[in-house]
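Visitor: I have a structure here, written as structure tokens, and I will follow up with some questions on it.
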Amino acid sequence: MFNYVPEMFRAETAETEEEGDKWYDDHTAGRRPPELLPRDEVARAINTEVKAGRGSPHGGVFLDIASRRTPEYIRRRLPSMYHQFMELAGVDITRESMEIGPTCHYIMGGVQVIADSAATAVPGLFAAGEAAGGLHGANRLGGNSLSDLVVFGRRAGMGAAEYIEAGDVATSFNMEEAEAAVKGALDPLNREEGENPYTIQHDLQEMMQALVGIIRTGPELEEAKDKLDEFTERVKNISVKGARAYNPGWNLATDLPSMLTVSRSTALAASLRKESRGGHTREDYPNPDPEFAKFNFALSSDGGNWDSPISAAQSPLLPLPDELKALLEEAH
Amino acid sequence: MADVTMRIWRGDATGGDFENYTISQNEGEVVLDIIHRIQATEAPDLACRWNCKAGKCGSCSAEINGKPRLMCMTRMDDLPEGTVTVTPMKTFPIIRDLVTDVSFNFEMAKRVPALLPPPMPEGGYRMFQQDVERGQEFRKCIECFMCQDVCHVIRDHEENKVNYAGPRFFIRYAELEMHPLDTNDRRELLKEELGLGYCNITKCCTEVCPEHIHITDNAIIPLKERVVDADYDPVAWLGRKIRRRTKKTAAEASVQPAP
Ligand SMILES: Cc1cc2nc3c(=O)[nH]c(=O)nc-3n(C[C@H](O)[C@H](O)[C@H](O)COP(=O)(O)OP(=O)(O)OC[C@H]3O[C@@H](n4cnc5c(N)ncnc54)[C@H](O)[C@@H]3O)c2cc1C
Ligand code: SF4
Ligand code: SF4
Ligand code: FES
């Protein structure tokens, strides 16, 4: 496997496989500095430091590259970071440290698909990329999303083409359902009085960050589920002004039901997964549990509407295909 | 911090006017933060395009106090005290409020003849690091289209649009022209159909480029030289391309491409 590591990274982490391996046993050995841990570990470490009262003035931690690399190196290898800190914060990262904090980076869950065709359980609906779930397990590795898009985007396209060519193209079209959907979308524009969608979005973000964030606990997840029911009611009472053309307030109003579907699914799955694994950390269940490694939680909406109850079922992981098994064995 | 007054153009293709919003601001905020606060409070239907809030997607271009700027990279405390005026880019048709229809640029992009490499030699294509780096400057383009917006050739002469690629695409043409593995000849097209000659090197495009690409010096001027070069003598042109490709031996090149 070491052979696949690009030259550029080898120079910074380890020259040989032995040197690379040594680092895992003894973190002081080798060139790889401990800050290059997987993201979930870094995020948790920052969170712990801040909670312990050792955070930076704005509630993050300091990241320092100035003392490790030359200004020329930093400007050449991290041009965007250099530029953004300079322009937006007036911080020169070639001379001083930057303040950083963890943020939502990627959603590991998503629509369940058949890997070969990207087909979902809804006939004629295909999903690829960050919207699709499963590919990256409990913690996506850096850089793997863009390769995911290229590979599975292509498969989704081919899957959709095959589906159409096969001729059994769906589907019953229910005019009543379509009309209800149109009405639902237009309701916020027609409602005279109601809540501002931006306020709801802001409150939802705050609540999810606080209760379904980096470190989770059972009671907080239960609290989040109750709060999400309140949000569902609030979303039904949104009112926006203006017309239909390029109206961001209205667009947000029509996005909010989906944001709630995702939030409710996340909170439910997180409360059921009584273990810690990858990006999912439960304070009350701090270790991985091998039993939970055998399945995903597959959620479905019983009524098919955004506000219908969601139920969860265990969906067993598929056995590793032979060719992948062979690859992994070759690597060891 | 004291409240700020924002004077924002509101309207659509049929017309519009300025509207004033007096709104709170916090330390370190950029213009886009203030626009978002106006949306969240007074005007949820205020249209603006944005995506990354990090100066990387090129969606939030507008004219701030009359100058094309990225709203997400313009700090409020860098602007002079007093009312801040925000208008949509003038060169492109208005969709609504601060959102313009930039599809002119996508039409121009379609007209760029693609890279045409020679047949793959044994052992694959090879490029020298220097050649990679020359094109790299142009690849920093985030397609904010502010250079297109500011260029007087189309800003003041709508009728020129069909015949003018504009600075964003001149850098694309320059990149392809300088590519050691390209065999396409785009000089005739640039001269006859894409208006390279209309550019009179005012450098306004370079001044507004958020990626600090030296559009005029490193792309347009070399392109202009190439177009007049050798009176379209195809042999001289081909010779130039080949010469460049074989100028160095592999041993002289400092960095080899990864396998
Ligand atoms: C800060 C950051 C850095 C990252 N860096 C890396 C990296 O270095 N390497 C890597 O591999 N990955 C990285 N990722 C992850 C990667 O960028 C994303 O996972 C990937 O871009 C997702 O692509 P996508 O096409 O699946 O979804 P998206 O790019 O999110 O596309 C979804 C599209 O759907 C549109 N849309 C949404 N709702 C609607 C609607 N109702 N109607 C119509 N359209 C709609 C959206 O506007 C959007 O264009 C990074 C992510 C972040 C946040
Ligand atoms: S230098 Fe040329 S392309 Fe750039 S703004 Fe001036 S005329 Fe337009
Ligand atoms: S060249 Fe610069 S100004 Fe022009 S579109 Fe690209 S990034 Fe924007
Ligand atoms: S929002 Fe992406 S460049 Fe400004």
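The values are calculated or read from the model by the stated rules, or taken from the named source; none is laboratory data. Keep in mind the model is a prediction, meaning the values are calculated, not measured. With ideal geometry, Cβ positions are generated from the backbone for all residues, glycine too; neighbour counts draw on all protein chains shown. Each accessible area value is taken on the protein alone, full model and side chains, heavy atoms only, with ligands, DNA and RNA left out. Shrake-Rupley method; radii C 1.70, N 1.55, O 1.52, S 1.80 Å.
Visitor: Any idea which residue in the stretch B:106-143 is surrounded by the most Cβ atoms within 10 Å (Cβ to Cβ), counting only those that are within 16 Å of ligand 4 (Cβ to nearest atom) and closer than 15 Å to B:Ala174 by Cβ?
Guide: Of everything passing the filter in the stretch B:106-143, B:Cys141 is surrounded by the most Cβ atoms within 10 Å (Cβ to Cβ).
Visitor: Let me ask something else about it. So the check is Cβ under 6 Å with 6+ separation or different chains; which pairs have a first residue in the stretch B:170-190 that's closer than 18 Å to B:Ile201 by Cβ and a second one that's of a type in the set (Val, Ile, Thr) and open to solvent by less than 10 Å² (accessible area, probe 1.4 Å)?
Guide: Close Cβ pairs (under 6 Å, with a partner that is of a type in the set (Val, Ile, Thr) and open to solvent by less than 10 Å² (accessible area, probe 1.4 Å)) amount to B:Phe170/B:Ile220; B:Ile171/B:Ile215.
Visitor: Pairs please, first residue from the stretch B:129-145 and touching a residue at least 40 places away in the same chain (Cβ under 8 Å), second anywhere and polar (S, T, N, Q) and within 16 Å of ligand 4 (Cβ to nearest atom), Cβ atoms under 6 Å, 6+ apart in sequence or on different chains.
Guide: Qualifying pairs under 6 Å: B:Cys144/B:Ser61; B:Phe145/B:Asn105.
Visitor: Just one of A:Gly184, A:Gly134 is of a type outside the set (Ser, Thr, Tyr), closer than 20 Å to A:Ser258 by Cα and assigned by TED's automatic domain parsing to the domain that holds A:Ala298; which is it?
Guide: Selected residue: A:Gly184, the only one of A:Gly184, A:Gly134 that is of a type outside the set (Ser, Thr, Tyr), closer than 20 Å to A:Ser258 by Cα and assigned by TED's automatic domain parsing to the domain that holds A:Ala298.
Visitor: Here's something else I'd like to know. Specify the residue that is farthest from ligand 4 (Cβ to nearest atom); the eligible residues are those in the stretch B:182-221 that are within 14 Å of another protein chain (Cβ to nearest Cβ) and surrounded by 15 or more Cβ atoms within 10 Å (Cβ to Cβ).
Guide: Per the criteria, the residue is B:Ile213.
Visitor: Moving on. Could you count how many residues in the stretch B:136-150 are closer than 16 Å to B:Lys203 by Cα and near ligand 3 (Cβ under 6 Å from one of its atoms)?
Guide: So the answer is 3.
Visitor: For the stretch B:63-102: of the residues being within 13 Å of ligand 3 (Cβ to nearest atom) and under 24 Å from B:Met1 (Cβ atoms), which is most open to solvent (accessible area, probe 1.4 Å)?
Guide: In this case the residue turns out to be B:Lys67.
Visitor: Every residue in the stretch A:245-258 that is open to solvent by 60 Å² or more (accessible area, probe 1.4 Å) and more than 10 Å from chain B (Cβ to nearest Cβ), please.
Guide: Residues satisfying the conditions are A:Asp255, A:Ser258.
Visitor: Next question, about the same structure. Within the stretch B:91-139, can you find the residues that are touching a Cys at 6+ places or on another chain (Cβ under 7 Å) and of a type in the set (Asp, Glu)?
Guide: Within the stretch B:91-139, just B:Asp97 meets the criteria.
Visitor: Inspect all residues belonging to the stretch B:35-51 and state whether any of them is away from ligand 2 (no atom under 16 Å from the Cβ), acidic (Asp, Glu) and assigned by TED's automatic domain parsing to the domain that holds B:Glu207.
Guide: Looking for residues that are away from ligand 2 (no atom under 16 Å from the Cβ), acidic (Asp, Glu) and assigned by TED's automatic domain parsing to the domain that holds B:Glu207, one finds none in the stretch B:35-51, hence no.
Visitor: Evaluate the stretch B:14-28: report whether one residue or more is modelled with pLDDT of 95 or more, more than 10 Å from every other protein chain (Cβ to nearest Cβ), in a strand (DSSP E or B) and within 16 Å of ligand 4 (Cβ to nearest atom).
Guide: no
Visitor: Identify, from the list A:Thr266, A:Thr281, the residue that is of a type in the set (S, T, N, Q) and either within 30 Å of B:Ile35 (Cβ to Cβ) or surrounded by fewer than 18 Cβ atoms within 10 Å (Cβ to Cβ) (or both).
Guide: After applying the criteria, what remains is A:Thr266.
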